[in-house]
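Engineer: Below you'll find the structure I mean.
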Amino acid sequence: MSAPAPHQAVDNERGLVRQLSTGQQLMMALGGAIGTGLFLASGLSVGVAGPAIIVSYVIVAGISLLLGRALTEMAVRHPTAGAFGVYAEMYLSPFAGYAVRVSYWLMQVIATGGQLVAASIYMSYWFPQVPGALWVLAFAVVLLYFNSRPVGRFGTIEYWFVMIKVVAVAVFVGLATLVLAGLTGEPAVGTQHITSHGGFWPFGLKGAWLGCCFVIYSFIGVEIVGVTSGEASDPARTIPAAMRRMVFGLSAIYIVTITLLVALEPWDQLGVVQSPFVSVLGGLGIPGAAGLMNFVVLSAALSSSNANLYLIARTLFSLSRAGFVPSTLGAITSAGAPLNALLVSGLGLGAAVLVRAYWPDTAYVWFFGVALFGALFVWLMIFVTHIAFCGSRRPLTSYVGALLVGAILLSTWWVPGLESTLVAGGPWLLLLAVGYRVSVAGRVSKAAGSDTSSS
């Protein structure tokens with residue numbers, strides 16, 4: 001089975017409405033990225049690397065810059081909702097396109113569940129007696145409704161959703177700087193927490209590298225700009241601008257905030273019982289600050305879930321238009337929303353409700369490890385696809401990016417709590433191969449039946 005002609009794969013996805021501006025694309029990407037990876041999982045990453053987690057963020061910021069460059073080049077030439085999945089189909093093979101899209105769909109379904117589980121953790125700050133599963137279910141229903149709206153309206157909702165956490169991060173940075181400098185009436189904290197408690201490198205260079213396994217999860221979302229290209233108002237202009245602002249802005253936000261976070265409180269006191277941001281502000285004794293930050297991290301988790309639902313609906317829509325799943329999932333409403341794909345994707349959130357109900361203490365970490373394989377696999381395939389896209393041009397940056405992502409994927413084996421990443425990888429790839437064969441057989445059978453009926 002040969003790969004489709006370059007424009008055929010893109011033409012298959014026509015029908016979505018191009019209403020997203022540069023600002024909306026940027027905010028949707030930030031919405032998908034700035035979530036529990038920073039506000040909750042930063043406690044996990046600091047526990048692996050100590051203050052040297054700052055170096056981990058710098059390393060992964062560099063990788064995301066390489067990824068953004070590669071994806072932008074392909075998205076400008078082929079703006080489509082299937083994005084990197086379509087590009088893999090066009091430049092590698094139909095199976096590669098199938099594997100990337102299905103992996104991304106499943107990863108984002110699991111990640112969305114993880115975000116909603118985190119949101120339920122945040123709600124327990126105010127309502128400790130309410131079962132977390134109820135919050136997961138309520139939030140899922142609301143976000144499904146938002147995603148069923150016209151994409152321009154959805155983009156506006158997400159824009160202001162994200163603005164809350166961007167402003168909050170800016171306020172946190174300003175407040176933390178004042179505390180560190182001793183300008184709040186209390187003694188200056190300075191850098192004592194960064195250099196004490198085992199020093200800057202309590203786990204050595206190995207710790208900083210293993211910290212990348214957690215940190216890279218925080219940057220998952222950079223690729224959203226590629227997916228929004230299918231509904232961008234002016235792809236050639238908006239995609240490069242949105243990607244550039246996204247990568248540099250996200251990197252700056254992460255590096256600055258994580259530096260302040262480990263400076264304000266001993267790194268060995270940060271965890272996943274509650275957001276490190278909440279615990280830090282609570283420890284400063286500022287009235288109402290912890291509760292306000294808890295609201296911010298809640299909105300961050302919901303914003304990420306909102307953006308992720310957009311992604312998984314478009315990915316399933318792309319799989320349908322490519323003929324890998326039933327054609328009904330490629331249908332579009334009069335408002336331009338792939339509603340059937342959205343509703344089917346939303347069923348995956350039911351798993352989040354069950355996991356939260358039966359394994360409330362380990363749900364978030366479980367979601368985190370399983371989703372990470374899919375995320376790293378997709379990033380690796382983006383680099384590999386770009387290498388094929390460039391042809392005789394040898395994109396050194398994509399070779400370096402693929403090498404680093406592959407190394408991080410292998411390194412998850414040595415990170416406590418992430419062993420499931422590689423354990424799940426082998427069976428998942430085998431399942432993909434079986435699923436692809438079944439889908440191809442179904443398409444051949446359907447085509448044969450069509451030919452018979454027409455003869």
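The values are calculated or read from the model by the stated rules, or taken from the named source; none is laboratory data. Small disclaimer: the values here were computed from a predicted structure and weren't measured. Cβ coordinates were reconstructed from backbone atoms using ideal geometry, including for glycine residues, and neighbour counts include every protein chain displayed. Areas reflect the complete protein model, heavy atoms only, side chains present, ligands, DNA and RNA absent. Shrake-Rupley method; radii C 1.70, N 1.55, O 1.52, S 1.80 Å.
Engineer: So with the 1.4 Å probe, I'd like the accessible area per residue for the stretch 141-261, rounded to whole Å².
Structural biologist: 40
Engineer: Consider just the alpha-carbon atoms of the stretch 42-180 and return their Rg together with their Dmax, both in angstrom.
Structural biologist: 19.3, 55
Engineer: Quickly rank 82-89, 382-389, 174-181 as a protection proxy: mean count of other C-beta atoms within 10 Å, highest first.
Structural biologist: Listed from highest to lowest mean packing, they are 82-89, 382-389, 174-181.
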